[in-house]
1. Just give me the residues in the range 546-580 being part of a helix (DSSP H, G or I) and under 14 Å from SER514 (Cα atoms), in sequence order.
2. If a residue has to be within 22 Å of GLN314 (Cβ to Cβ), open to solvent by less than 10 Å² (accessible area, probe 1.4 Å) and touching a helix residue (DSSP H, G or I) at 6+ places or on another chain (Cβ under 6 Å) to count, how many in the range 337-377 make the cut?
3. If we keep just the residues of the range 633-659 that are in a helix (DSSP H, G or I) and out of contact with any helix residue (DSSP H, G or I) (no Cβ under 6 Å at 6 or more places or on another chain), which is least open to solvent (accessible area, probe 1.4 Å)?
4. Quick check on my filter: what residues within the range 563-583 are open to solvent by 50 Å² or more (accessible area, probe 1.4 Å) and closer than 12 Å to TYR511 by Cβ?
5. For the structure I just gave you, tell me whether PHE458 is in contact with a helix residue (DSSP H, G or I) (Cβ under 6 Å, 6 or more places away or on another chain) and of a type outside the set (Val, Ile, Thr).
6. How about the range 549-594: which of its residues are among the acidic types (Asp, Glu) and in contact with a strand residue (DSSP E or B) (Cβ under 8 Å, 6 or more places away or on another chain)?
7. Return the only residue of LEU764, LEU692 being touching a Lys or Arg at 6+ places or on another chain (Cβ under 9 Å) and farther than 25 Å from VAL528 by Cβ.
8. Can you name the residue in the range 803-816 that is assigned to a loop (DSSP other than H, G, I, E, B) and not hydrophobic (A, V, I, L, M, F, W, C) and, of all such residues, is surrounded by the most Cβ atoms within 10 Å (Cβ to Cβ)?
Amino acid sequence: MAYDSLVAPAALFVRQNTARSPLKGKPVDLGVQGFPSIQRDAVAGAVPKFSIQIPQSQQGVHSHHQSQAPSSAQVPFQPTTPTQSVLPQSAVETPRPLTHTAQQPVEITTVATQSLSQPTQQAASSEISASAAPQSSALDFYTSQQLQQLSWWSQSKQADFGAYLELASAYAGKGDTTSAHHYYTEVLRLQPTCAVAWCGIAALYSSTGDHTRALLSYQEALLVHPNCVDAYIGLGAACKELSRSEEAVSCYQIAIQLQPGCARTHAALAGVYFEQGHLELSVACYSDAIALEPNFPEAYNDLGNALRALLRCQEAVQCYTACLQLHAQTAQVHGTTHHLLYSIAVTYNNLASVLKLQNRNDEACACYEHVTRLQPDSAESHANLGNAYKDTARQEQAILAYQQALALKPDYPAALANLVHSLQCVCDWRERKATFHRLEMDIVRQIYSGQPTSVQPFHAMAYPLNANLVLELTRLHARHIELAAERLRVPAFQHPPKNLLKAGQRLKVGYLSSDFGNHPLSHLMGSVFGSHARADVEVTCFALSAADGTEWRKRIEGEVEHFYDVSHLTSVQIATMVNQAGVQVLIDLNGYTKGARNEIFALRPAPVQVSYMGFPATTGARFIDYLVLDRVVAPEHLRHCYSEKLVYMPHCYFVNDYKQAHLDVLDPSTRPSRTEFGLPEDRFIFSCSNQLYKYDPETFTTWCNILRRVPNSVLWLLRFPPFGEPRIKSEAAARGIDPDRIIFTDVADKDVHIKRSGIADLFLDTPMCNAHTTGCDTLWAGCPVITLPLERMASRVCASLCHAAGFGEEMVVGSQSEYEERAVELALSPAKLSDLRSRLCAARLSAHLFDTKEWVRDFERCLLEMWRIYCTEDGPRDFEMSPQVSSQDTCPASASAAPAALQEVEGVPQMLAPTLTKTISSNPALVKALQKQGITPQLLTMHSMLVFALQQQGVSSSAPLYNSVSQQAH
């Protein structure tokens, strides 16, 4: 870039201004008041915008002997982008929702955005100016009396432009911007070629956010003083604020050439590289700044931000720690100042954030607690602390922190949204109606203003909100992800050509997830990734999380064709890797859940992008082409709830791996006793093992009505989280139910959880947000379910499970009253419930719901159809995949015999099980061979017993069902 292109407009501007001063008309009042204040955009997931307002005792402007541009009285932070931990400071950061699933809470910390080393002076600057720190300035050398004397002297005939310049600098430092403007103008009247005065004028413009005029004024300085370092630095800062980042880089590079030893210019250049996403260059420049000035705490802070964005978390921790140590040394020598305390708070905030990334949550809480002590009147600090408490399941403390934030700042949508979710998690329904009304009003205002909403889409699934409002919420959320991705300035990826697959060619499919490990998604999909037909599909898994050492992760890594741990890479690097792998269909298994990297999909590395499983709702995203579901989850009259094109699976969109991973559950001898979990043996047990955030007061009232009508019954619930237990019991008492009839149990390991699910008599689902994985657990354990589907996807999943199991008519109801009546009817009709339970148990091996291999074949057909549409049609569209014709469908005899053969595994002589297992286990060679195949002696025993049961029931050895079971046993 030729620098002349910057100079020319300024020259034209000056020639048209006969007074040679760009300030015309009434001067702008640039005064500031008090310290400190914090401003924040009322947005969901945005990092707060902090503004320092420097006390008058610390205000000042660098003299023309200093290399830094003059400081401003107010230097606010801008939020960052959600795409990386630390990205352009002018972008907007959204939590990796977290989820938030439990979704990560709305992140409003200053962590990723708090830059301390940039020599800017703009009111809209994205970093704290290093020159805003307490330093000597013109103000330090003038008392009020001396200023009066200097003013009198300047008005005498002996005055020259030097006196005016001293006065302008002094008044600017004092905060009297009107006088500063007056005397800078006088300097330029007397000496139009005074570069220092032009820089001073530019600084005043910058402090009001008028960066265009600031840029022109800095150019005027360079016209008269081509080697003015201050002007290049200031011009770079102005270009940066005007999103002219390449020109900003050029200005800073020229300043470094003119004065290579200025550490703060290196830091300023690093800041621009950081915004451009050139993180390695940013790290190098921050390192240069520290090498030049080892006692440069702000550079350590900002280097930590860049390292954090590169996911070099431990190095970031070391940088933040070094910054805090330098601040401590300064405090010991010079005492504390407002700005120093503020900078310390910022760095503790940054440190806390990176500790959270390392799952060092208790240490993160300690840092946030320290921030609240440094800034007790900061609503944002208390909200950040609430988020940290929430991450460590300390819901009660989180609620108190959010309430304190709202007490300090009543109009604080992000804190309200997080408070609502915390209250939901512990079933605190006091003021529920008024609180949700207030929350809904916040959402509506934010949608109309275009701001990201304070409510995370994952949280909204369990809220009583209108489906259209939730759709708009998610659309806006997705749009801000797109904007963040745009700020990464990544050129559009080249996609594979639109060529139909020829004979022998395979479709390249990628799965992207942070949940390859001990997570419900892997529990459900463990065998899916390795079960794809390699003749037709080439599958690659991209893991956004590091290996957790569990059997779930190892299994997926070992069975899938390609597996890459990309947890250490940036979003841009991952997107590039996906694209270079030639992935044709990329599947998002996260959606808006914890650990998601949605910006990867916003960068469009693959031509066809699909949302599946992880997020049971619409994404509202233009960068997601398809959402996979079924006709029960999304009937035609609810099509309006979704932004994506819909792919309807034949039976159930929800997949599970229980026939492969938990076949031993079918053996009743493995079922634990009720007394093991503190349950009465002689009572009817209603159960619900959903998390407490899915509960709502209306459904709980129905549960209490059911308990009242079924006297000899109890309600068995999951203690998740534990803080909700006393509130639930209190709610029961308020409805006239003895709290002792509500029995809580702790979370258990997956295998134990599934097996114990079968000891309940009847599972009561939560309508607002159903049992999903838990629904599969319960049905596989042989326990009937009552579920009430509503409007949105998360409220209809359990109905889909019941239909795919073959019991939709008996387990799915249409209203709260029907819900109550069906539950009471089954509880008071032992024979009817026993018949339902027996038929459910008998159907488990033949039901579509548990046929993983059939699901994989159907899913592959959907993926191939997506690619065909991409190659031959104008764009994605809704389509429905018809069921396959299976061998069982062509063999009615075997189909009718199967239910009779497998009425319940109780039909098999149970005394054979221990003997058979012992016999197998006593053969080392056989055990070793089984282990190579991932088969336990117990699993082989179950297969053998099932073969025996089929033989006893007279099922022909030629029947497909017999062959299938027999082959698995052999």
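1. Within the range 546-580, TRP552, ARG553, ILE556, GLU557, SER571, ILE574 meet the criteria.
2. Residues meeting the conditions: 10.
3. LEU638
4. TYR564
5. no
6. Scanning the range 549-594 gives GLU557, GLU561, ASP565, ASP588.
7. Within the list LEU764, LEU692, the selection yields LEU692.
8. My answer is GLY806.
The values are calculated or read from the model by the stated rules, or taken from the named source; none is laboratory data. Values in this document were obtained by computation on a predicted structure and should not be read as measured data. Virtual Cβ from ideal backbone geometry, glycine too; neighbours counted across all protein chains shown. Accessible surface is based on the protein model in full, side chains and every heavy atom, while ligands, DNA and RNA are left aside. Shrake-Rupley method; radii C 1.70, N 1.55, O 1.52, S 1.80 Å.
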